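In what follows, a structure is listed as structure tokens, so that the remarks can point back to it.
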Amino acid sequence: MLNTIQVTSDDESFLYDLYASTREAEIVAWGWDAAATNAFLHMQWTAQRRSYEAQFPDANHYILLYNDLRVGRVMYGITAKEIQLIDIALLPEFRNQGIGTLMIRSLQSGEGLPTTKSIRLSVLQHNPAKRLYERLGFTSVGSNGLYENMIWFNE
């Protein structure tokens, strides 16, 4: 069963570990030692948090619980026109098990939201999650060469 709980300041350690797990393959390929890796990850994580806080000050930010285990996070904003899926991330051991699909489908169905709207997101063009979004009905509405902008329309 998938549930969400509001992120609090007590979740910082979990959120950092989650972020680090999303960069793991990339970092390993660089061959850095532990000190360089930790310094880089903390710098990048801090920059991402500040960027999200500046761009999306009213975002909904939740820890994802699957069978009462902390498995990831989701962050989204709601405007008059659409939902902006800012970030969804799962710990490696919980990827490819349908949890991301459950979370996105709950947004598509409007579960717990005042209304069902279109959903917009950006994904790295080579991110495997892009296939998930396409499977769930998202279509490309443009690219900047690095990120694919996608939207799902509520029909």
Consider the range 139-155. How many of its residues are surrounded by 16 or more Cβ atoms within 10 Å (Cβ to Cβ) and under 24 Å from residue 26 (Cβ atoms)? 2
Considering only the range 108-120, I want to know if a residue exists there that is surrounded by fewer than 19 Cβ atoms within 10 Å (Cβ to Cβ), more than 19 Å from residue 1 (Cα to Cα) and hydrophobic (A, V, I, L, M, F, W, C). no
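Residue by residue, here is whether (1) closer than 20 Å to residue 59 by Cβ; (2) touching a Phe, Trp or Tyr at 6+ places or on another chain (Cβ under 9 Å); (3) modelled with pLDDT under 95 holds:
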residue	(1), (2), (3)
110	yes, no, yes
116	yes, no, yes
135	no, no, no
139	no, yes, no
Any hit, the range 21-41, residues being closer than 27 Å to residue 152 by Cα, in a helix (DSSP H, G or I) and not β-branched (Val, Ile, Thr): no
Filter the range 106-155 down to residues that are farther than 20 Å from residue 66 by Cβ, part of a loop (DSSP other than H, G, I, E, B) and of a type outside the set (A, V, I, L, M), then give me how many there are. 15
Pair list, Cβ < 8 Å and 6+ apart or interchain, from the range 23-48 residues that are hydroxyl-bearing (Ser, Thr, Tyr) to residues that are surrounded by 10 or more Cβ atoms within 10 Å (Cβ to Cβ): 37/27
Counting only residues that are out of contact with any strand residue (DSSP E or B) (no Cβ under 9 Å at 6 or more places or on another chain), more than 17 Å from residue 86 (Cβ to Cβ) and of a type in the set (S, T, N, Q), how many does the range 9-45 have? 4
Go through the range 52-105 residue by residue and tally those that are touching a residue at least 24 places away in the same chain (Cβ under 8 Å), surrounded by 13 or more Cβ atoms within 10 Å (Cβ to Cβ) and assigned to a loop (DSSP other than H, G, I, E, B). 3
For the range 14-49, which residues satisfy the criterion of being exposed (fewer than 11 other Cβ atoms within 10 Å of the Cβ) and modelled with pLDDT under 95? 25, 26, 28, 29, 30, 31, 33, 34, 35
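The values are calculated or read from the model by the stated rules, or taken from the named source; none is laboratory data. Bear in mind that the values here come from a model prediction, so they are computed numbers and not experimental data. A quick note on method: Cβ atoms are made from the backbone with ideal geometry, for glycine too, and the neighbour counts reach across all protein chains shown.
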